[in-house]
Amino acid sequence: MNIAVLVPFFNNKVSGFEEFIVETISHFVDQHPGERFFILTEPGVSDGPVLPANSTVIITKSSNNALLQKIWWRIKLPSILKKLKADLCISFDEGCSLTSVIPQIIFCREPGKLKPLFIKKARSVFVASQAVKEQLITLSRTPAEKIFIIQPAPAKYFLVADIATKEEIKKEYSEGREFFLFNSSFQKQADIIDLLKSFSHFKKRQQSSFQLLIFADPDSFFEKTLSAYKYRDDVKFLGAKDKNSSSAITAAAYAVVLPFNANEDMMAALNAMRSGVPVIATRNSVVNEIAGDAASYAEKETKDIGERMIQLYTNEEFRFGLIEKGKDRVKEFTHGKAAASLWQFMMRACKMN
């Protein structure tokens, strides 16, 4: 079977969900040496992962121009697939060709970006969570049997750190103090205000020297909000960090706080659990799907998020229990397992009319 895999970000510099996809594709190709894979990606990819001999990386040109994008999907991609004699195309680009006769599968991360025509054309849609599946069913009226869930896996360089390493990281980033970490994304500006309110509740009740570290670049809104914040000296925006730094900071955190139910929270929670760090999230969130009882859950109110911070601070036994549960739980999520699910669901989709 000739399988085309459309993945514009196929390189080793990506992180988060894109990194999970790239690593899973590598396992996917390796698990099926009898098939032929063609990785279709964009120019500028010079440091992608090393793949087995049954795969070929093909550089294709794309554009942000709406007209050129339409030409790409309707004319150029079908032509490429025909030349490759592809039996199937798996797209990790939130779309598919409406004119190709070759069966296509779409991996969807953001339901709002996936056009209904693409969903209708695709043989099936792969997602990473039940929450995204339900969004597709509700927003696009996609039949449930057309959607398959492939659970993500943590990045392999997130590891448990020893005490000495944690102390060095805290000296470098938090003045030697313990810290809570937010390592996901803000969906709206009000989120940063809610996060600060939660931290305020913790600080008022405990009067501790804890800090709050945030993986984000401070824009004008963040700076203005922080300037009037009582505990502004204990809040730090770290900006973008390389993989080594982000994994080290995560491993040194007292807890990771993920209160906004963003899709990125799944990866953030898995990476934290693999690092031996407890996670605070909200009930009925994407974190709840993967962590089960290995995380501490709050209601959506900012005060309750603060209460969960206090609980971890005042109850070390509870905190260590979450750490051990998290380390056990995260073992269930691997790239090899995700790749096997991808193949299983792909074959099932191929049999669908």
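Worth pointing out:
- Three-way shape label, segment 47-108, alpha-carbon gyration tensor, a/c 1.5: prolate
- Most positive-pole-ward Cα, H335, N271, Q206, against dipole of the chain from beta carbon charges: H335
- Spin-label model, D242/E145: points 7 Å from Cα along the beta carbon direction are separated by 5.1 nm.
- Three-way shape call for segment 163-332 based on the alpha-carbon gyration tensor, with the a/c threshold at 1.5: rounded
- Ellipticity at 222 nm from helices only: DSSP H runs of n ≥ 4 in the chain, each -39500 (n - 2.57), divided by the residue count, give -13000 deg cm²/dmol.
- Electrostatic dipole magnitude of segment 259-353 [Cβ: Lys, Arg +1; Asp, Glu -1; Cα centre; debye, to 20]: 500 debye
- Computed over the chain with a Gaussian network model linking Cα atoms closer than 10 Å, the most mobile of N54, N284, N64 is N64.
- Ranked packing of 158-166, 327-335, most packed first, by mean Cβ within 10 Å: 327-335, 158-166
- Model label sites at N54 and K224, defined 7 Å from Cα along the beta-carbon direction, differ in position by 5.7 nm.
- Annotation: the antiparallel percentage among DSSP beta bridges lying fully within the chain is about 0.
- Between the residues Q189, F9, A281, the greatest Cα displacement towards the positive end of the dipole of the chain, with unit charges on the Cβ of Lys, Arg, Asp and Glu, is found for F9.
- E317-A164 pseudo-label distance in nm [points 7 Å out on the Cα-to-Cβ vector]: 3.2 nm
- When only the Cβ of Lys, Arg, Asp and Glu is charged (+1, +1, -1, -1), the dipole of the chain relative to its Cα centre reaches about 1320 debye.
- Crossing angle, helix 190-206 versus the chain [Cα axis fit, 0-90 degrees, rounded to tens]: 30 degrees
- For T282, the residues whose modelled amide H falls within less than 5 Å of its own, excluding neighbours fewer than 5 places apart on the same chain, are N261, A298.
- Cross-link pairs beyond the 21 Å C-alpha cut-off, checked among K156/K327; K82/K121; K113/K188; K166/K327; K170/K203; K197/K325: K197/K325
- The 3J(HN,Hα) values that the Karplus relation (6.51, -1.76, 1.60; θ = phi - 60°) gives for segment 247-256 are, in residue order, 5, 5, 5, 4, 5, 8, 5, 6, 6, 9 Hz. Gly and Pro appear as x.
- Dipole of the chain [Lys/Arg +1, Asp/Glu -1 at C-beta], most positive-end residue of S246, G48, I71: I71
- Whether the chain is rounded, prolate or oblate, judged on the alpha carbon gyration tensor where a/c under 1.5 counts as rounded: prolate
- Top of K133, K303, K113 by mean-square fluctuation, Gaussian network on the chain, Cα under 10 Å: K113
- Residue by residue, segment 143-156 carries 3J(HN,Hα) couplings of x, 4, 6, 8, 10, 10, 9, 10, 6, x, 9, x, 5, 5 Hz when phi is fed to the Karplus relation 6.51 cos²θ - 1.76 cosθ + 1.60 (θ = phi - 60°); x denotes Gly or Pro.
- Segment 224-280 and segment 15-37 have Cα centres spaced 28 Å apart.
Each value in this text was obtained by applying a stated rule to the coordinates, not by laboratory testing. The shown structure was predicted, so the numbers you read here are calculated from the model rather than taken from an experiment. With ideal geometry, Cβ positions are generated from the backbone for all residues, glycine too; neighbour counts draw on all protein chains shown.
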